[in-house]
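Here is the structure we will look at, set down as structure tokens.
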Amino acid sequence: MICLNTVVMALRQDGLDPFFENVFEKLNYVFAFIFNVEMILKLIGLDHQYFYSSWNIFDMIVVFSGDAGIILKFVSSGSSFSSAATVVRAFRIMRIVRLVRSQPDVKIILDTLVNIVPQITNFITLMFLLLFIYAALGINLFSGIHL
């Protein structure tokens, strides 16, 4: 289901036929329902032990973000929340990380990445600053050009 959900999210594009847009939206509601049912069944089955696993907490955060995106979509309907709804709904792509549990080699790589992030924080901040400066410079230099 995770792979199928990822494929459906990857097939969406700008300027898509309204029929397919509606089909993909309905499929996303079905996937959200399935993942909510899975989370609830795990909560019932594992009781308090559900919260001892960081993967279960990650699953819960992803499910809640998907639910928040759906709620924001219905609440926003053209208001200023529509961009926030898009950002929150984009967080659903993190479901693919759930597949890491079944692949030990990928899990080792992900654990290594998590362990080195605190050590390279300064470098990441410097790269972000450099990217921001180039973006601001590009906007300043090319703002008067019309395509």
Would you mind stating whether Phe81 is surrounded by 15 or more Cβ atoms within 10 Å (Cβ to Cβ), outside the structural domain of Leu113 (by TED's automatic domain parsing) and modelled with pLDDT under 80? yes
Can you name the residue in segment 1-48 that is at pLDDT below 90 and among the small types (Gly, Ala, Ser) and, of all such residues, is surrounded by the most Cβ atoms within 10 Å (Cβ to Cβ)? Ala32
Restricted to segment 49-78, and to residues that are modelled with pLDDT of 85 or more and either among the β-branched types (Val, Ile, Thr) or outside the structural domain of Phe31 (by TED's automatic domain parsing) (or both), which residue is farthest from Asn28 (Cα to Cα)? Ile57
Give all pairs with beta carbons closer than 7 Å in which a residue from segment 15-32 that is assigned by TED's automatic domain parsing to the domain that holds Arg92 meets a residue that is basic (Lys, Arg); count only pairs at least 6 apart in sequence or on separate chains. Phe24/Arg12
Selection count, segment 1-19, where residues are over 21 Å from the mean Cα position of the chain (by Cα) and outside any loop (DSSP other than H, G, I, E, B): 2
Within segment 30-61, of all residues that are under 21 Å from the mean Cα position of the chain (by Cα) and of a type in the set (Gly, Ala, Ser), the one nearest to Val114 (Cα to Cα) is Ser54
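The values are calculated or read from the model by the stated rules, or taken from the named source; none is laboratory data. Bear in mind that the values here come from a model prediction, so they are computed numbers and not experimental data. When we count neighbours, we look across all protein chains shown, and the Cβ atoms used for this are built from the backbone with ideal geometry, even at glycine.
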